[in-house]
Amino acid sequence: MSEGLQWQWLRFDQLSREQLYALLRLRSEVFVVEQNCVFQDMDGLDDQAMHLLGVRASELVAYVRCFPKGVTFAEASIGRVVTRQSARGGGMGHVLMAEAIRALVAEWGAQPIRIGAQAHLKDFYQRHGFADVGKPYLEDGIPHLEMLRPA
């Protein structure tokens, strides 16, 4: 699944116009259109994040944004985890999460990572060392869980 995949780990000011457009488009395609959820994706935090882009054959197929501790949670965090629909079913999401954790640790050191996960993906995130911390909540009409991965 990771064959031909190239990773780009970039600050907001390093993103080209084309990269920014591609990641916002992918987030919109999945989180707004596919999940039929009207929400404010552009939340004013992208400029504080590191952006991980997985590109294959010039197409963005996987993306996450990562934050140092103290921005979205007291701990470092990973969010906007998304894979292109055509890239699903072969483990791309797992490759993406493993690379996101690796990149975050390389950037800011080994530390706990907290996420706000869609509840139906609990088992997916548990496979990457995240545990439900018992703080369920509703965000934009979708059940979520806070999950924590120890250092």
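Only the coordinates and a few stated rules stand behind these numbers; no lab work does. Keep in mind that what you see is a predicted model, and the values were worked out from it rather than measured. Here the Cβ is made from the backbone with ideal geometry for all residues, glycine too, and neighbour counts use every protein chain on show.
Annotation for Asp43 and Ala98: the two label points, set 7 Å from Cα along the Cα-Cβ direction, are 2.8 nm apart. Label positions at Lys135 and Val33, each projected 7 Å from the Cα along the C-beta direction, are separated by 3.4 nm. For Glu18 and Arg127, a Förster radius of 35 Å and the Cβ-Cβ distance give a FRET efficiency of 0.60, rounded to the nearest 0.05. For the chain, the share of DSSP beta bridges that are antiparallel, to the nearest 5, is 95%.
Between the entries (1) 14.5, 41; (2) 14.2, 45; (3) 15.8, 50, the label attached to Rg and Dmax of the Cα atoms in Å calculated for this structure is (1).
Among the chymotrypsin sites (Phe, Trp or Tyr not before Pro) found in segment 95-135, not one is both in a DSSP coil and sparsely packed, with 15 or fewer other Cβ atoms within 10 Å of its Cβ.
R0 = 35 Å: FRET efficiency of Glu3 with His120, Cβ-based, nearest 0.05?
Efficiency for this residue pair is about 0.80.
Per-residue extension of 0.36 nm, minus the Cα-Cα distance of Ala57 and Arg11, leaves a gain of 14.3 nm for this segment.
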